[in-house]
Each structure stands twice: as C-alpha cells, then as structure tokens.
Amino acid sequence: MQESQTRDTSWVAQKGGMETVAGLATSRGFAAGEVYLALRGGRIAIPERAIAPDDADGEVLRYRTAQKSAKAQIDKMLDDLRQDGGDDSLMVLASHLEIINDVSFSARIEKCIYDNRICAESAVRRVTDEVRQIFMRMKDKYMRERVKDVDDVESRILRILMDRDDNPFAYLVKPSIIVADELAPSDTAALKKDLVLGFATDDGSTTSHVALLARALGIPAVTGLADISSRVKSGDFVLLDGTNGAVTINPDASTRAAFDQMVEHERQLAEFLAEDSSGAGVLKSGERIVLSANSQPGVDLCDLKRFGAEGIGLYRTEYLWLKSNDEPSEDEQFEAYAAAVRAAGELGGGARVTFRTLDIGGDKLPRMMMQREANPFLGCRSIRYLLRHRDVLRTQLRAILRASAIGKAAVMFPMVSDVREMVEAKSELALAMRSLREDGIPFDEHIQCGAMVETPSAALNAVRLASECDFFSIGTNDLVQYTMAADRGNGNVANLYQPTNPAVLRLVQMTAKAASDAGIGCGVCGESASDPVLGFLWVALGVGELSMSAGFLPAQRRILKALSKCDADELAAYVNGFLDVRTAEEIYDFCLRFLLAKVPRFEDIQSFFTRAQTV
Ligand code: PEP
Ligand code: MG
C-alpha cells in the first residue's frame, strides 16, 4: 500500500483501484453504499460588472429584492426546523438572519454600489470580504468562527441575485453516502434525512454543523477528509467508518470482508451494552447509585427512557438563552421546563429534574445580555450575573416553580463561590414563591434547592455551604479548571486539566464528606461522571449520583453492577494513600488497572467511551 499525507488530519492509502482516506471520526457507526456528490464549490464566481450612474438605483433595488428573498428563505427554514425540533440548525440560521437583517450591513452594500458604480453582486462580495476580515482579526474564537455565517449569507444572496439552483440535493432519490466539499446548515435543512446513509466531507471539524447534525440523527460521519469530494464521483461504492474516521473508495473483497467484521463487532458491543439500558444503578453488594442524565432544551427527551435514566441530574437552562436572539419569557421557559418534568415523570420512580439556573458567562455568551469582560471565566458568570440581574433570576425561578406543580423538580445554583450567594439566591426563591402564592399559581412548596460545587472555594467551605443546601452537585468540568488554573477549552494546557490531580480529589472528597455529615445528597454532573474510570472513583470517594449524557448510562450501569462496596472502599483507601506521593497520571493508571482486573470486558466498555468522546 502507498501512503501519502494530504494535510494534518487526513491520510490517503492506495492499493490497486482502491483508496482509503482517513479523516476525523465525527459520528460513530458504519455505512456501505453509493456516493451522492453534493458540491457547493466554495466561493461562487461572480460577474464583476461596472454600471452606468443611472443604473445604480436599479442595482440597489435588485439587492433589496434579493435580501428580502433571502430573509424569506431563512424564515421558512426556521419554521420547518422548529416543527422538526432541529435546534443546532436553528441557532445557526438565526445568526444568518441577524446578519441579513443588520441595517448597517445592507447600508454598506448600497453605499458600495453608489460609490463604486458596480453591480449588486460585486458590492455584496466587497462588503462581505470586509466583514470577513473584521471577524478574522478578532481575538475571540467564537467570533472568528462567525466567518462561516458570513460566507453562508453571502452565497445565499449571490445565488438569488444570479438565479442559481440552491439545492445541492435536488437529485438525491435513493439512500446514499453524501460526499461534499462542505455542507452549510442551510443545505442540510433541505435534506431528506432518511436517504442519508452517512456523511463524508472535505471540510469540517468534530464540532462543525454537519457533525452536530449527524450525531443528533445517529448517522455515521467522517469530516476533515481534505479532498474526498474530488476523489469520488456519484455512484462510486464506498465504505464509511465513522467510528475510526475513514472512507474507502472502491474496496476490494478482503477490505469489504474486514469492514463487515468490524460492523459485526460494533453491533455486538452495542448489544452487550443494551442489556444494561434500564434499571437502577446498583452495586453488586446492593447499594444504590443514582444514574441520571444531563439534558437541556433541544435534546431529545426520548433518550431518557431509551438509556434508562433515573431522572435529569442537570438541566442546562442557559440553552434557552443561547439559541435565541431575545430573552425567553416566563411562559416560554415554563413550556420548556414543563416538557422536561413531564418526560421525567414518565420514567416513574419519582424521577426529578434538577433545573440549574442560568449559567452564562465564560464561553457561554448569549448575544443580548453579556458585556465583554477581559477574563470572562473569572468574571460576572452564572449566579454572579443573576444576583446583579434579579429580574432575570425571579422570572426564571417563577417558571421553574410553576413546572414543579406538574412534576418533581429541584433548583440548583451554579458557580457558587461564596455562601452568601447561596443565601441571597434562596431569598430570591422565597420571593418568587411569595409572588406565585399571591397570583394563586400552584407550585411545590417543598422544592429542593442545591448548589453546584464547581469552585475550589465552594468545596473548601462545603461544611458551611451544606447548611444552606438540600443537595450538592459537583461540576467537575469547572472544578478541575478552577483548581488547576487550566482553561477547560484550551488545548495548550490540556496536560494540566487533570481530574485525578490530588488537589481535585481532595476537594471532591471534602465535598462528599460535608454532604454526608449534613445528611444531604451529593452527585457529580460534570463530563467525568460518564468516564468509566472516573465514575467509580467518584463513587469510591463518597458520591451517590452520577449524571451524564444519557448515551453513557448503560456503560456506567454495567460497571457499577460488577463492583461492590468493598471494592469502592478498597479503591478509596488506595487513592487516599497516594494523595501525597503520586501524580494525577499515576493515580489514573492505578484506577484503570484496578477496574481492568475487576470489571469483565472493561476494555471494551472503555473503548466505547473513548470513541464516543472523540465524536
Ligand atoms: C461542570 O462545570 O462540570 C458542569 C456540569 O457545568 P458546565 O459544564 O455546564 O459548566
Ligand atoms: Mg460548570
């Protein structure tokens, strides 16, 4: 086999007429089938036309008509998507609409037509080029990524002006593997999803729009394939491996057979884990560990039942703010919260939803409310923001309380770093209760109220904090970041982002002990709860609930039932003995070996987790 590298992430191997291109494993699963080539072709070539002064008004009118049509197209797609519940696309299309509706954007284009005496297409290109430059110079990664939205808006308006076909899927009539240079959200909105066996794209990352869409729909996808779209033509037969990140074009018989074997192995693994997709989390020795799901507006609530969640341990309410241009009203919030408690109610067993109040700031910045800060992760985040915007907090608490009349709910405050914040937040809860009583609106008078422990100060003051709380939920995503002073999203310091650092373990242990001494519950709702090694470590350190993305619950359930309270005590004793003498890596390796020795097929379970993590 001959290998060549096309760029950092993509490799090509050739053997006879067969080619294997490696890219990013973006959505797990396998597909074999014919290619449907959907090319968007990057930048659209435009006519660079100078115009006579008298024609300028006409060109401005052409632009305004195209702008209106673009707006109508997006409005229609948004309506369709709202009915289908496609939330990631909703957010992206809403930002396109924002650009199209931006008065200064249109004013610049019209001025460009008049000042330079050029046609509407050329003016759109010049102005969008300027806007792209501005975005690309921005320090903020999120803002730099908005360039893609500008590209999408530009190509939509240009296609309308030039009367070009806008649907790259016009000829998709049978189930196929979609190969594309890139796919914009507005393209995939028009796609018939039941005809898609898989996605393979030149462009993209594991967090691109097509990646989110593929994962949400459970369709295998490989992105970052460099030039796959110029290596295939429609009708070619390909094998797509979304689990490992590869596409094979025109496979020979032995490659096909090996592929079929992998598919069979994956099927058996899924079947093995599916045996554990219901029932409580119970240790071999009989102790219960609550296994619940993390959820948020827009996530399919059917997953709760499918993977056997015992409730929602973390409901990230901020996504209601993040996907909208306007602040959600009390009624809008109530609708979303009521849907969540109803879905939890169907799980039986008194399953509850723990609503975390608005956790904005850091990297979660709704457009309408945030002031930019020099150091947002240490700035006016979460509960700090809410205590300075009491109207927002009160409205949200009223909506949560109203939902508590429909099904079991709890309230949780994020980013508590000082006990006074908890005291003040609780007094707002009391005020919200009083206003509902005055309005004669029912709610649960005994609703539980807890704190997220995700700052070192909250963990260090856990004893005092516990006296103000009905429960704790440890947010390890932030707790690790703040303890290690290592930005959770910055790859440059990923080596320091260590959940098993002795400092973090001490804080988790202190928090769990303070909760136990106060007779209140303590869970973990950070990503680490789903990690096969860390989940049981948290249990060993005294945590009684693990809340995670629902898909990981069966694997964690399988691990718990293979282990006993004795195992948990043994692991805790070892780890405690290591705190002064071992590194984070050594402790992680020790836990891994401990579990490999005790849990049947632990390696398989871990490989399932690791691969799902990378997607
Ligand atoms: C956490 O910090 O662990 C957590 C669950 O909150 P988020 O990831 O939403 O900040
Ligand atoms: Mg957090």
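The values are calculated or read from the model by the stated rules, or taken from the named source; none is laboratory data. Keep in mind that this is a model prediction, so the values were computed, not measured. We place every Cβ from the backbone using ideal geometry, glycine too, and count neighbours over all the protein chains shown. Each accessible area value is taken on the protein alone, full model and side chains, heavy atoms only, with ligands, DNA and RNA left out. Shrake-Rupley method; radii C 1.70, N 1.55, O 1.52, S 1.80 Å.
First check a/c for the stretch 375-509, with a ≥ b ≥ c the square roots of the eigenvalues of its C-alpha gyration tensor; if it is under 1.5, answer rounded, and if not, answer prolate when a/b is larger than b/c or oblate otherwise. Note, shape of the stretch 375-509 comes out prolate. So if I take the centroid of the Cα atoms in the stretch 541-597 and the same for the stretch 118-169, what is the distance between those two points in Å? Taking the Cα centre of each part, the stretch 541-597 and the stretch 118-169 sit 50 Å apart. Taking the average, over residues, of other Cβ atoms within 10 Å as the packing measure, peptides 262-272, 147-157 rank 147-157, 262-272 from highest down.
A cut-off of 5 Å between modelled amide H atoms, ignoring neighbours fewer than 5 places along the same chain, links Ser549 with Asn294. Its residue count N sets the reference 2.2 N^0.38 Å, and the alpha-carbon radius of gyration of the stretch 486-610 equals 1.03 times that reference. Evaluated with a Cβ-only charge set (Lys, Arg +1; Asp, Glu -1), the stretch 53-161 carries a dipole of roughly 300 debye about its Cα centre, given to the nearest 20. Under a 5 Å amide H cut-off, with hydrogens placed 1.01 Å from N, Ile118 pairs with Ile51 among residues at least 5 apart or on other chains.
Report the calculated FRET efficiency for Ser467 and Asp487 (r = Cβ-Cβ distance, R0 = 25 Å), to the nearest 0.05. Once rounded, the FRET efficiency stands at 0.15.
Put the Cα centre of the stretch 407-473 next to the Cα centre of the stretch 316-359 and the gap is 17 Å.
Measure off 7 Å from each Cα along the Cα-to-Cβ vector at Lys513 and Val282, then give the distance between these two points in nanometres to one decimal. About 3.2 nm separates the two model spin labels. On C-alpha positions alone, give me the angle between the axis of helix 253-274 and the longest principal axis of the chain, in degrees, nearest 10. Rounded to the nearest ten degrees, it is 40. Checking every one of the GluC sites (Glu not before Pro) in the stretch 27-81 against DSSP loop status and a limit of 11 other Cβ atoms within 10 Å picks out Glu48. Taking amide H positions as modeled 1.01 Å from N, with prolines and chain starts lacking one, the residues under 5 Å from Gly281 and 5 or more places away or on another chain are Ile289, Leu291. Be a star and scan the stretch 410-429 for residues whose amide nitrogen sits under 17 Å from the point 7 Å along the Cα-to-Cβ vector of Leu387. What the label zone holds, given the 17 Å backbone N cut-off, is 412-429. Output the relative contact order of the chain, whole-number percent, from Cα pairs under 8 angstrom with separation of 6+ residues. Relative contact order comes out at 13 percent. Just to be sure I understand the curve: with the Debye formula and one point per C-alpha of the stretch 53-161, what is log10 I(q)/I(0) at q = 0.09, 0.11, 0.18 Å⁻¹? Each listed q corresponds, in turn, to -0.25, -0.37, -0.88. In the chain, Rg over Rh equals 1.00, where Rg is the alpha-carbon radius of gyration and Rh the Kirkwood radius from pairwise Cα distances. For the stretch 53-161, what does the relative contact order come out to in percent, with C-alpha contacts under 8 Å and a separation of six or more? The normalised contact order for the stretch 53-161 reaches 34 percent.
Accessible surface computed residue by residue for the chain, with neighbouring protein chains in place and a 1.4 Å probe, gives 43 Å² per residue. The trypsin sites (Lys or Arg not before Pro) of the stretch 543-572 include none that DSSP puts in a loop with a beta carbon having at most 11 other beta carbons within 10 Å. The alpha carbon radius of gyration of the stretch 275-613, expressed as a multiple of 2.2 N^0.38 Å, is 0.96. Looking at this model, which pairs from Lys68/Lys192; Lys284/Lys305; Lys408/Lys565; Lys15/Lys193; Lys408/Lys513; Lys76/Lys192 are more than 21 angstrom apart at the alpha-carbon? Exceeds cut-off: Lys68/Lys192; Lys284/Lys305; Lys408/Lys565; Lys15/Lys193; Lys408/Lys513. Stretched out straight at 0.36 nm per residue, the stretch from Arg132 to Glu586 would grow longer than its current Cα-Cα span by 158.8 nm. Fully extending the segment from Asp569 to Glu271 would add 104.2 nm, taking 0.36 nm per residue of separation and subtracting the current Cα-Cα distance. Full extension of the chain between Leu195 and Thr65 yields a length gain of 43.4 nm, computed as 0.36 nm times the residue separation minus the alpha carbon distance.
Charge tally for Gly521 (other residues, Cβ to Cβ under 15 Å; Lys, Arg +1; Asp, Glu -1): -2.
Values of log10 I(q)/I(0) for the stretch 443-510 across q = 0.15, 0.26, 0.29 Å⁻¹ run -0.51, -1.07, -1.23, by the Debye formula with one identical scatterer at each alpha carbon and no solvent. Computed over the stretch 255-323, relative contact order equals 27 percent, with contacts defined as Cα pairs under 8 Å that lie 6+ residues apart. Projected label points at Arg164 and Lys15, each 7 Å from Cα along the beta carbon direction, are separated by 4.0 nanometres.
For Glu346, neighbours were defined as the other residues whose beta-carbon sits under 15 Å from its Cβ, and their charges (Lys and Arg +1, Asp and Glu -1) total +2.
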